[in-house]
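The values are calculated or read from the model by the stated rules, or taken from the named source; none is laboratory data. Note that the structure is predicted; figures quoted are calculated from it, not measured. Ideal geometry is used to build each Cβ from the backbone, glycine not excepted, and the neighbour counts take in all protein chains shown. Ligands, DNA and RNA are stripped out before the accessible areas are found, and what is left, the full protein with its side chains, is counted by its heavy atoms. Shrake-Rupley method; radii C 1.70, N 1.55, O 1.52, S 1.80 Å.
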Amino acid sequence: MSASQSPRADLYFSVVLTLVGAAAVFESWRMPRLENLGIDPLTAPGVTPALVGGVLTLLGLMLFVRSLAAVGAARPAAEGGWGRFAVTLGLCLAYALGLVGRVPFWLATALFVAVFVLVFTWDRARALRRIAIAVGLAVATAAAVTYLFQSIFLVRLP
C-alpha cells in the first residue's frame, strides 16, 4: 500500500500539481533569455523554474493516472495526515534553518534525505534494508543536487 491512503485526495492534488508545474514552465518560458548579453543559455533566469515545473508537471500527471486507477478501490482513510504534515514541516525547517549554512551543503542535504526517508518508511522488521536504502538515496541525492547546482547552474552553495 502506498504512503497515501486516499486516491480521491491524490486525484485532486495531482490536478493542482500538474497545473502549478505547467504554469511554472509557461512563466519561465516568458522570462528574459538575455541572448543579447551573450550569456550561456543554461544560466538564463528561466532554466531552473522550467526544469522544476517540468518535473512537477510530469509527477502530477503520473499521480493523476495512478489515482484514477485507485479511485474506485475501497481503501482506508488516511491516518495522521496532519501529524505527517507537522513532521514534514519540522524536518524541512530543521534542514533550512538548522543545517544549511552551518554544515557543508552536501552533508546537510544527505542528512535531511536520510532522516526523511527513515522517518516515513521505517519498518522494524526490515531496519537494515531501510537504513541502506535511506543512506543510498541520501548520498545519491546530495551528490546530484550539489553537482547540478555547482557545475550546471553555476550557483555557489552555502
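Numbers at a glance
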quantity: Some residue of the stretch 139-150 being within 26 Å of residue 46 (Cα to Cα) and open to solvent by 70 Å² or more (accessible area, probe 1.4 Å); calculated: yes
quantity: The stretch 43-55, subset aliphatic (A, V, I, L, M) and open to solvent by less than 50 Å² (accessible area, probe 1.4 Å), residue modelled with the highest pLDDT; calculated: 50
quantity: For residue 120: the one exception among (1) under 25 Å from residue 47 (Cα atoms); (2) within 15 Å of the chain's Cα centre (by Cα); (3) not aliphatic (A, V, I, L, M); calculated: (1)
quantity: Hits in the stretch 82-127 - residues which are in contact (Cβ under 8 Å) with a residue 24 or more places away in the chain and not in a helix (DSSP H, G or I); calculated: 100, 101
